[in-house]
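A.B. asks: Before anything else, here's the structure in question.
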Protein chains: 2
Amino acid sequence: MPTEQEPARTKRADAARNEKTLLAAAAEVFVSSGVDAPIREIAAKAGVGVGTFYRHFPTRADLITAVYRHQIEACAEAGPTLLAAAETPFEALRQWIDQFTDFLVTKHGLADALQSDSSTFAALHTYFLDRLEPVCAALLKAAIDAGDVQTEISALELMRGVGNLCIGRGTDPRYDPRRLIAVLLKGLRAPL
Amino acid sequence: MPTEQEPARTKRADAARNEKTLLAAAAEVFVSSGVDAPIREIAAKAGVGVGTFYRHFPTRADLITAVYRHQIEACAEAGPTLLAAAETPFEALRQWIDQFTDFLVTKHGLADALQSDSSTFAALHTYFLDRLEPVCAALLKAAIDAGDVQTEISALELMRGVGNLCIGRGTDPRYDPRRLIAVLLKGLRAPL
DNA sequence: TACTAAATGGAGCGACGTTCCGCTTTTCAG
DNA sequence: CTGAAAAGCGGAACGTCGCTCCATTTAGTA
């Protein structure tokens with residue numbers, strides 16, 4: 001079995017520089033134009049050609065995961081921490097969902113992309129789920145074991161539901177995802 | 001004040017025929033390719049040019065509302081009927097939401113379009129809400145008055161929440177919007 | 001310095017939405 | 001019945017976007 005011992009030659013200096021520049025440009029453009037901003041715009045802002053862009057991020061999902069990797073990681077790591085610190089497992093779950101919601105809500109269009117069935121975003125969807133689903137599952141299981149949650153629901157379904165509810169905020173001030181997510185959690189909670 | 005008494009000349013026969021043909025073609029294409037199928041495809045299937053398409057349906061939202069007008073109307077009319085027939089107002093609300101959900105879930109991509117903040121679909125969004133929001137509000141108010149619902153929530157928010165939860169079904173068999181909507185309703189319900 | 005592999009960039013292709021306007025068809029007054 | 005005028009039609013054409021391809025440039029190395 002080939003134990004990933006390959007040289008993994010270090011990237012050329014200019015390539016590394018361009019990648020950083022692209023990441024910064026993308027982060028900036030995402031804020032103003034959302035995660036589905038034109039590639040050309042990002043490449044232009046970074047001062048590189050589109051060919052260079054695609055060399056670094058073959059897929060839009062690659063770019064998005066790279067831009068938000070830190071926050072996804074933070075969210076993943078928050079799970080066990082919250083579980084240890086909170087009064088009850090259910091409270092830990094609630095707080096984790098809060099953090100997850102904040103993340104989605106502050107990134108313009110990210111929630112939309114996450115739920116899109118377009119194959120372009122399949123990888124993004126997969127990445128989020130692979131990383132976060134186990135974390136959410138642990139919290140959910142703890143809450144169930146504690147008897148705080150009776151409803152039968154999978155972590156995946158819960159996360160997708162929360163993600164979906166985060167779509168479209170900003171369009172209409174009368175729609176607040178957090179309120180609905182609170183209702184959803186209330187529905188999850190065992191009677192009494 | 002000009003009392004809309006204008007002649008409103010009846011459409012030319014061929015124009016009326018083309019409109020019907022386009023509607024039929026669109027309904028068919030929507031089933032196989034979703035509501036965001038290429039305009040050219042619909043026009044081709046109807047055997048007309050794209051210019052003709054745009055003459056009849058200047059915006060995609062116009063087409064979608066025309067295609068689904070009957071079902072939207074049926075959903076709107078079901079409100080009062082259910083309220084009169086059901087055991088409790090909350091049960092009426094639940095059944096109405098069921099019908100609304102069925103409608104959204106069976107139309108490939110309709111829920112996505114409904115929540116999209118793209119200005120293309122703004123009219124669609126408006127049409128749905130103008131027609132259905134009062135109906136949902138009446139059901140919700142009845143349930144609140146009966147004491148079955150305590151949570152403070154607007155009909156608009158509830159409808160958008162349900163609509164959002166309907167997004168992405170079909171992609172993943174493990175995600176069932178109805179289950180989450182049931183949880184949401186449980187969360188709406190007053191304790192006990 | 002000279003060589004090579006990595007990296008670049010932007011022209012170009014196909015798909016799509018949308019507009020525009022010369023041509024065809026329907027309608028209806030006479 | 002007839003012949004304009006009005007209404008409708010079609011599809012070429014333009015702008016935008018995602019993505020690919022490859023001739024050229026450049027960083028690392030001996």
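A.B. asks: Out of the residues in the stretch A:1-29 that are more than 9 Å from DNA strand D (Cβ to nearest atom) and at pLDDT below 95, state the one that is surrounded by the fewest Cβ atoms within 10 Å (Cβ to Cβ).
C.D. replies: A:1
A.B. asks: Filter the stretch A:84-99 down to the residues that are of a type in the set (A, V, I, L, M) and touching a Leu at 6+ places or on another chain (Cβ under 6 Å), then identify the one that is surrounded by the fewest Cβ atoms within 10 Å (Cβ to Cβ).
C.D. replies: Residue satisfying both the conditions and the ranking: A:92.
A.B. asks: Of all residues in the stretch B:38-55, which are within 12 Å of DNA strand C (Cβ to nearest atom) and crowded, with 19+ Cβ neighbours inside 10 Å?
C.D. replies: B:42, B:43, B:53, listed by residue number.
A.B. asks: If you don't mind, there's one more thing I want to ask. Are any residues in the stretch A:109-136 of a type in the set (A, V, I, L, M) and either assigned by TED's automatic domain parsing to the domain that holds residue A:32 or within 21 Å of residue B:161 (Cα to Cα) (or both), and if so, which ones?
C.D. replies: Those that are of a type in the set (A, V, I, L, M) and either assigned by TED's automatic domain parsing to the domain that holds residue A:32 or within 21 Å of residue B:161 (Cα to Cα) (or both): A:110, A:111, A:113, A:114.
A.B. asks: Can you give me the number of residues within the stretch B:180-189 that are more than 7 Å from chain A (Cβ to nearest Cβ) and in contact with a strand residue (DSSP E or B) (Cβ under 8 Å, 6 or more places away or on another chain)?
C.D. replies: 1
Quick grid of which residues meet (1) more than 24 Å from residue B:117 (Cα to Cα); (2) surrounded by 20 or more Cβ atoms within 10 Å (Cβ to Cβ); (3) facing chain B (nearest Cβ under 10 Å):
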{"position": "A:117", "(1), (2), (3)": "no, no, yes"}
{"position": "A:141", "(1), (2), (3)": "yes, no, no"}
{"position": "A:151", "(1), (2), (3)": "yes, no, yes"}
{"position": "A:155", "(1), (2), (3)": "yes, no, no"}
{"position": "A:166", "(1), (2), (3)": "no, yes, yes"}
{"position": "A:178", "(1), (2), (3)": "no, no, no"}
{"position": "A:191", "(1), (2), (3)": "yes, no, yes"}
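A.B. asks: Also: Within the stretch B:85-94, is there a residue that is touching a residue at least 12 places away in the same chain (Cβ under 8 Å) and closer than 30 Å to residue B:23 by Cβ?
C.D. replies: Scanning the stretch B:85-94, I find no residue that is touching a residue at least 12 places away in the same chain (Cβ under 8 Å) and closer than 30 Å to residue B:23 by Cβ, so the answer is no.
The values are calculated or read from the model by the stated rules, or taken from the named source; none is laboratory data. Note that the coordinates shown come from a computational prediction; the quantities given were computed from them, not determined experimentally. Please note: Cβ atoms are built from the backbone with ideal geometry, for glycine as well, and neighbour counts cover all protein chains shown.
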